[in-house]
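Beneath this line is the structure, given in structure tokens, with notes to follow.
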Amino acid sequence: MNTYLFYDIETTGLNRVFDQVLEFACIRTTLRLEEIERHTIRVRLRPDVIPSPAAMLTHRIPLETLLDGECEFEAAGRIHALMNRPGTVSLGYNTLGFDDEFLRFAFYRNFLSPYTHQFDNGCGRMDLFPMAVVFWLYRQDVLRWPQKDGTPSLKLENLNAANHLSAGRSHAAMADVEASLELARRFFKAGEMWRYLCGCFQKQTDLQRMDGLPVAFHGPSGAHRLAILVDGSFGAELNYQAPVISLGRSIPYSNQTLWLRIDLPELRETHTDTIAETTWVVRKKAGEPGILLPPHERYWEKLHPQHAAAADENQRWLQRESELFAQIIRYHRHFRYPPVPDLDADAALYETGFLSPAQQRLCSRFRSAPADEKLEMLDRFEDPRICELARRVIYRNFPQLVPRVHSDFTRYMAYINPPSSDAAPLDYRGDRRQTARQALAEIKGLRERYGNDSEERKILDTLQDYIEANFGRHVTGSGVSQA
């Protein structure tokens, strides 16, 4: 039976690699959005994670609650099973912009397949945020659309407040799931538009629609198709959309189609040595945001006039500058993301790639083995990164085993929380892991905004005590602790 799984997560922070899920909530429905079941999974705070003070103020989950959930290893397995039930389409609000990748890394570091929920056994993914953008552009009658400072605000909490989608508090996982489900029900009533947008998240349908887009002109590498790309990242000031033409596929990343924005005047300032600075290409995977629409007049007229005029002029310019256009195409088709030196093992998902069948079997045995046997299996991992992940599974989830690897655990905790933030571990984007010193400095800044008796002040005080007690090795005398 095919089902939707509406879900939301609350986390210790925004870093997909180094932060962790604290709460996972979901509601499974039929394809007609009738509820079947619901689940809430609370995850125990890992001993190696320093919660972001801003995140704690957002979700307001008490610290004592965070210390009393399931260990991440077991919780990740339950979440993985829910999302990988055959025929499941997982979705929520901005889940493809945040939650899905967060879970992907959680699956990876806990020896679970990070991708099967995207395609295996009839599974798939959708996202209500890009749908909301399209509805705001073309079917505003389905909702009340809130504004903030004179511009539309498509945050779920604001849509919820304006439309009474859920009675729960925003940034509580189940309340956000309920709001997302009710939002989907409003969209579902639009009938044909809902079905069309669902097709945008089906790989083959999306590819067929790309192939059906009109050809703007023929250039150095063949036909260049014209479209309007709708994406929340463009912002309300651009009506969340931009005109683009196709450049073909990326060569090193064959699942990426390349779309050149043609609404920016700086495009015509491009020279052979400024391509990286003056051209903007969107890398789109089939079945994922953004949403490509044909350049029909009813869509084109939603562009700001100056951007529509720039698009017309840029198309003529690209045809005149065919040799330079060929160089632009070559640059973007051959572009590779620069490697991150000293990439942390937790961040190596994309670099490690797919495991061999033998590695997959060993990882599966490690997951199912009793705790004591996990220690004995460490020497079987030939790949040092996978071996390191196995060690971290033990550090994070099996406190009864830590005394037997105490020296290794101590070295690991010193490694993730160095005296200088410049020495903290790196993720795949080159961002460093938050240190205790940084978190305490953030608490000091946030504390100045709130009165001594405020709920926020109490959250910050409790968090500071926790950080100093568990990660205080390099913060003594830092000048950020409160006397």
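Since every read-out is calculated from the coordinates, none of them should be taken as a lab result. The model shown is predicted, which means the values in this text are computed figures rather than measured ones. Virtual Cβ from ideal backbone geometry, glycine too; neighbours counted across all protein chains shown.
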In 20 Å bins starting at zero, report the fraction of Cα pairs in the chain per bin as a rounded %. 21, 51, 27, 1
Which whole-Hz couplings ³J(HN,Hα) result when phi for each residue of region 457-467 is put into the Karplus expression 6.51 cos²θ - 1.76 cosθ + 1.60, θ = phi - 60°, listed in order with x for Gly and Pro? 4, 5, 4, 5, 5, 5, 5, 4, 4, 5, 5
For region 1-201, the spread of Cα positions along each principal axis, largest first, Å: 49, 43, 25
For region 336-483, the charge dipole (Cβ of Lys, Arg +1; Cβ of Asp, Glu -1; about the Cα centre) points to a positive end, and the Cα of PRO399, LEU446, ALA436 closest to that extreme belongs to PRO399
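Can you show me the helix-derived [θ] at 222 nm for the chain, built from DSSP H runs with n ≥ 4 at -39,500 (n - 2.57) apiece and divided by the number of residues, rounded to the nearest 500. Intermediate values should be presented prior to the final figure.
Values: 21 runs with 203 residues, N = 483.
Result for the chain: -12000 deg cm²/dmol, rounded to the nearest 500.
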Treating every alpha carbon of region 356-480 as one equal point scatterer without solvent, the Debye formula yields log10 I(q)/I(0) values at q = 0.12, 0.17, 0.21 Å⁻¹ of -0.63, -0.97, -1.17
What are the ³J(HN,Hα) couplings of region 345-353, residue after residue, when phi is run through the Karplus curve with 6.51, -1.76, 1.60 and θ = phi - 60°? Round to Hz, x for glycine and proline. 4, 5, 9, 8, 3, 6, 7, 5, x
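Could you tell me what percent of the DSSP beta bridges with both partners in the chain are antiparallel, to the nearest 5?
85
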What is the set of long-range amide H partners of VAL89 at a cut-off below 5 Å, with H atoms built 1.01 Å from backbone N? THR3, TYR4, LEU5, GLY124
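Counting pairs of alpha carbon atoms under 8 Å apart in space and at least six apart in sequence, what relative contact order in percent does the chain give? Please list the in-between numbers first.
On the way: 750 pairs, mean separation 64.6, N = 483.
The normalised contact order for the chain reaches 13 percent.
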3J(HN,Hα) from dihedral phi, region 58-68, Karplus parametrisation 6.51/-1.76/1.60, rounded to Hz, x for glycine, proline: 7, 8, 6, 6, x, 4, 5, 5, 5, 8, 10
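With a sphere of radius 9 Å drawn around the Cβ of ASP8, what net charge do the other residues whose Cβ falls strictly inside it have (Lys, Arg +1; Asp, Glu -1)? Could the numbers behind the result be given before it?
Working: positive: none; negative: GLU10, GLU23, ASP99, ASP176.
That works out to -4.
Please give the peptides 287-297, 266-276 ranked by average Cβ packing (other Cβ atoms within 10 Å per residue), highest first, as a rough proxy for protection.
Details: 287-297: 18.5, 266-276: 13.1.
Top to bottom by mean Cβ count within 10 Å: 287-297, 266-276.
Where the only charges are on Cβ atoms (+1 Lys, Arg; -1 Asp, Glu), what is the dipole of region 1-201 about its Cα centre, to the nearest 20 debye?
Values: 22 positive and 25 negative charges, 93 e Å.
Computed charge dipole of region 1-201: roughly 440 debye.
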Considering the Cα trace of region 225-318, what is its radius of gyration and what is Dmax, both in angstroms? 13.0, 38
State the answer as a single residue: which of TRP259, ALA162, THR205 lies farthest towards the positive end of the charge dipole of region 147-267, with beta carbon charges of +1 for Lys and Arg and -1 for Asp and Glu, about the Cα centre. THR205
Most packed first (mean Cβ within 10 Å per residue), the peptides 99-105, 337-343, 457-463 order as 99-105, 457-463, 337-343
Near the amide H of LEU22, under 5 Å away, which other amide H atoms are found, from residues 5 or more places off or on another chain, if H is placed in the peptide plane? GLU10, THR11, THR12
Distance from the Cα centre of region 34-50 to that of region 260-312, in angstrom? 40
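Order 174-186, 407-419 from most to least packed using the mean count of other Cβ atoms within 10 Å.
Values: 174-186: 22.0, 407-419: 15.5.
By packing density, highest mean first, the sequence is 174-186, 407-419.
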Could you list which residues have their amide H under 5 Å from that of ARG225, counting only those 5 or more apart in sequence or on another chain, with H placed in the peptide plane? ALA216, SER246
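How large is the Rg to Rh ratio of region 61-150 when both quantities use alpha carbon positions and Rh follows Kirkwood?
Details: Rg = 17.0 Å, Rh = 15.4 Å.
My calculation of the ratio gives 1.10.
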Name the shape class, rounded, prolate or oblate, that the alpha-carbon gyration tensor gives for region 345-423, where a ≥ b ≥ c are the square roots of its eigenvalues, rounded holds for a/c under 1.5, and otherwise prolate holds if a/b is larger than b/c and oblate otherwise. oblate
